[in-house]
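**Student:** Before we start, here is the structure in question, set down as structure tokens.
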Amino acid sequence: MLKIIEVQPLPGYRLHLRYADGVVGDVDLSHLVGKGVFRAWNDPEAFRRVSIGSGGELRWSDEVDLCADALYLEITGKAPGEVFPGLGKAPSHA
């Protein structure tokens, strides 16, 4: 798992993220606002209360969290296989 070491909320429902491996970037989450559990973000102050959870996820409450790995892929533009080389190489047993 990729580790987020810093998160800063930005205007427009964006986040500035820094990962332990040195990757830094911004991610736009505005497309999620008002949908499902993300209705909580209808209050911009609720969005600004983002934190890093004990499992490395970004969290806003017990109901709203986002995976650090997925955000890393979005920031870097890499495919999952580029970041996780062993992905899809499970041994097969006949």
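**Student:** Can you compute the helix-only [θ] at 222 nm over the chain? Use -39500 (n - 2.57) per DSSP H run of at least 4 residues, normalise by all residues, nearest 500 deg cm²/dmol. Before the final figure, lay out each step's value.
**Tutor:** Details: 3 runs with 18 residues, N = 94.
Mean residue ellipticity at 222 nm (helix-derived): -4500 deg cm²/dmol.
**Student:** Okay, moving on. Between R14, R48, R39, where does the largest GNM mean-square fluctuation fall for the chain, given springs only between Cα atoms within less than 10 Å?
**Tutor:** Judging by the Gaussian network model, the answer is R39.
**Student:** I would also like to ask the following. Project the alpha carbons of the range 4-82 onto their principal axes and report the range along each, largest first, in whole Å.
**Tutor:** Here the Cα extents, ordered largest to smallest, are 35, 24, 21 Å.
**Student:** Additional query: For the chain, set up a Gaussian network in which alpha carbons nearer than 10 Å are linked by springs, and say which option among G36, G55, G25 fluctuates the most.
**Tutor:** Evaluated over the chain, the most mobile residue of the options is G36.
**Student:** Pick out which of R59, R49, R18 has the largest mean-square fluctuation in a Gaussian network model of the chain, springs linking Cα atoms closer than 10 Å.
**Tutor:** R49
**Student:** Compute the relative contact order of the chain as a whole-number percentage, counting only Cα pairs closer than 8 Å that sit 6 or more residues apart in sequence.
**Tutor:** Working: 126 pairs, mean separation 20.9, N = 94.
This gives 22 percent for the chain.
Since every read-out is calculated from the coordinates, none of them should be taken as a lab result. A quick note: this is a predicted structure, and the numbers were derived from the prediction, not measured.
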